[in-house]
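Here the structure comes first, spelled out in structure tokens, and everything after it is commentary.
The values are calculated or read from the model by the stated rules, or taken from the named source; none is laboratory data. Everything numeric in this text was worked out from a predicted model, so none of it was measured. Here the Cβ positions follow ideal geometry from the backbone for every residue, glycine too, while neighbour counts run over all protein chains shown. What goes into the accessible areas is simple: the full protein's heavy atoms, side chains included, and nothing from ligands, DNA or RNA. Shrake-Rupley method; radii C 1.70, N 1.55, O 1.52, S 1.80 Å.
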Amino acid sequence: MTTHADDDGLTFSHFEAFRLINFTFIKACQTITAPDLSPRHRAEKLMRYHGDLLAAYGPGVPLSFGEFRRKLRGPIEGLLPPWLDRSGFDDLDFPVVDAEGCVTGNAFDLQWETSQLHRILKRLRRIGRMRFTEEQLQDEIDQDQMYEILKGRGDAQYVKDRATLVECPAGTTAELSKRGLPLNAIGYYEAIPYHAIYRTWWFPCTVCKWPMKVSKRMSAGREYYRVACLYGRHADTGASFMFWPTSGEPPQLHPDSPDTPAPHQAALALHTTAQPEAKPVEGHVALKRGVWRYTCVPGLHELRLHTVLRERLAARQADVDEAVKLWPMSDAYDHRIEVKGPDGRTHVFTVDVKDYTHGRVLAESLHRNEGDKGGAEWLVVPDHRADQIPLLTVTCHKYGMKAVTMTDFAQMVCRSAGVVWA
């Protein structure tokens, strides 16, 4: 890729410039709606982000403060300077924030996923002069610090703690303490986010249990509210509700029309709970959004695959605990599965599960890592990411890996063990 130089002579690839611009716009959008900022501090932060954008755009690309404010409500595509190459990314015609000022799922995922790729680039190219704000550094290291905290307690405890994060993305401090999480890990829980609050209540997602987003709507001049998980797939498969405003009592939620998985994918579909009850904001905490999105959300698929394979293989394997391992070697990869076929041959599968919204960024990350950094030979994506398989197959083939959807993978393992997938 070609590069763009700033006044200090530093050069940045188009990817790095895109990441910096995307990050800055997301932080600016969050600043506009942050409830705890005074008008003066809000203006100061916005002016700082405006300056960061001007530096990233480079000379010859003017951007007034007023135009900067207007662009914050537009699509990602409209934020980028003319010189920046878009060819390495998927469709960018989606907004940074929604009507309520909450960063959209697509924009949030793009920022996190490009940050992961940037870590690889930084490690490989030893970029020592990149300038980071305190906020940017914090967003970059939250996920890694969380894993390091859990890994320090040994392999068996790591699996238990990681499962707790996946299964308990929100709750009271007392509830979390009872689950035995280390105190440092509890520090990655914070107050219920403002976008999930209606008066003094919040509502757990029926799939992942993280606080759902509350949005005010109008229909025929009448006000109502929609409550839905910020992870789109969860919202599409049951975690979407509507309610009418109330004065003092918690509202009653009414289900929105959910999608259902294809019959052959039903075995690995995530379970949903009953219609959620309103929970008080006071006394409850939730995982930071980044930790939730890239620990809890994919972790649900990892746990489900582990559970289903254990159930299906138990009758054929002498020791199913040894045959089907979750997060082995403190998460070197996600699964190690060793089965014996009807002919007596042993089949070993090392697996990494990836749930990226933007498949091109995942493919580029694999390329930069020259495969999976933990040595997994199979890249498995949730069934609803099946459209990414053709691209990922091409990239994986270069590094001796294979890409497949979760159901296709589980069926293949069962066939190898002589187990019928019904």
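Among the residues of region 224-240, is any surrounded by fewer than 19 Cβ atoms within 10 Å (Cβ to Cβ) and over 23 Å from the mean Cα position of the chain (by Cα)? Scanning region 224-240 turns up at least one residue that is surrounded by fewer than 19 Cβ atoms within 10 Å (Cβ to Cβ) and over 23 Å from the mean Cα position of the chain (by Cα).
Of all the numbered requirements in (1) in a loop (DSSP other than H, G, I, E, B); (2) touching a residue at least 12 places away in the same chain (Cβ under 8 Å); (3) open to solvent by 40 Å² or more (accessible area, probe 1.4 Å), GLY180 misses one, and that requirement is (3).
Selection of region 6-48 for residues being open to solvent by less than 40 Å² (accessible area, probe 1.4 Å), charged (D, E, K, R) and either modelled with pLDDT of 80 or more or more than 15 Å from GLY58 (Cβ to Cβ) (or both) yields ARG19, LYS27.
Suppose the filter is more than 27 Å from LEU165 (Cα to Cα) and open to solvent by 30 Å² or more (accessible area, probe 1.4 Å); does ARG336 pass it? Talk me through it step by step, then tell me what you get.
Working: more than 27 Å from LEU165 (Cα to Cα): no; open to solvent by 30 Å² or more (accessible area, probe 1.4 Å): yes.
Taking the combined requirement at face value, the residue does not satisfy it.
Out of LEU379, LEU392, LEU366, I need the residue that is surrounded by 17 or more Cβ atoms within 10 Å (Cβ to Cβ), closer than 23 Å to GLU113 by Cα, over 18 Å from the mean Cα position of the chain (by Cα) and touching a residue at least 24 places away in the same chain (Cβ under 8 Å). Which one? From the options LEU379, LEU392, LEU366, the qualifying one is LEU392.
Using the structure shown, decide if HIS284 is within 15 Å of VAL166 (Cβ to Cβ), open to solvent by less than 50 Å² (accessible area, probe 1.4 Å) and at pLDDT 95 or above.
On the way: within 15 Å of VAL166 (Cβ to Cβ): no; open to solvent by less than 50 Å² (accessible area, probe 1.4 Å): yes; at pLDDT 95 or above: yes.
The answer is no for HIS284.
When LEU20, LEU54, LEU46, LEU37 are checked against the criterion of being part of a helix (DSSP H, G or I) and free of Cβ contacts under 8 Å to residues at least 12 places away in the same chain, LEU54 stands alone in meeting it.
I need the full set of residues from region 183-197 which are β-branched (Val, Ile, Thr), open to solvent by less than 50 Å² (accessible area, probe 1.4 Å) and not in a helix (DSSP H, G or I), in order please. The one that is β-branched (Val, Ile, Thr), open to solvent by less than 50 Å² (accessible area, probe 1.4 Å) and not in a helix (DSSP H, G or I): ILE192. On inspection, ALA107 does not qualify as open to solvent by less than 20 Å² (accessible area, probe 1.4 Å), out of contact with any Pro (no Cβ under 9 Å at 6 or more places or on another chain) and modelled with pLDDT of 75 or more. Say whether the condition of being closer than 22 Å to ASP383 by Cβ, β-branched (Val, Ile, Thr) and touching a residue at least 60 places away in the same chain (Cβ under 8 Å) is met by at least one residue in region 186-206. The answer is yes, given that some residue of region 186-206 is closer than 22 Å to ASP383 by Cβ, β-branched (Val, Ile, Thr) and touching a residue at least 60 places away in the same chain (Cβ under 8 Å).
Hey, does region 81-99 have a residue that's exposed (fewer than 14 other Cβ atoms within 10 Å of the Cβ), among the polar types (S, T, N, Q) and either at pLDDT 80 or above or in a helix (DSSP H, G or I) (or both)? Spell out how you get there, then give the answer.
Here is the first cut: in region 81-99, the residues exposed (fewer than 14 other Cβ atoms within 10 Å of the Cβ) are 82-83, 86-87, 91, 93, 99.
In the following step, the residues that additionally are among the polar types (S, T, N, Q) were identified as 87.
Imposing the further condition that a residue be either at pLDDT 80 or above or in a helix (DSSP H, G or I) (or both) reduces the set to none.
No, every residue in region 81-99 fails to be exposed (fewer than 14 other Cβ atoms within 10 Å of the Cβ), among the polar types (S, T, N, Q) and either at pLDDT 80 or above or in a helix (DSSP H, G or I) (or both).
Which ranges mark the strands (runs of 3 or more DSSP E) fully within region 298-399 that have 1 or more residues being out of contact with any helix residue (DSSP H, G or I) (no Cβ under 9 Å at 6 or more places or on another chain) and farther than 24 Å from ARG86 by Cβ?
On the way: elements: 324-326, 335-340, 346-353, 378-381.
Counting at least 1 such residues, we get 346-353.
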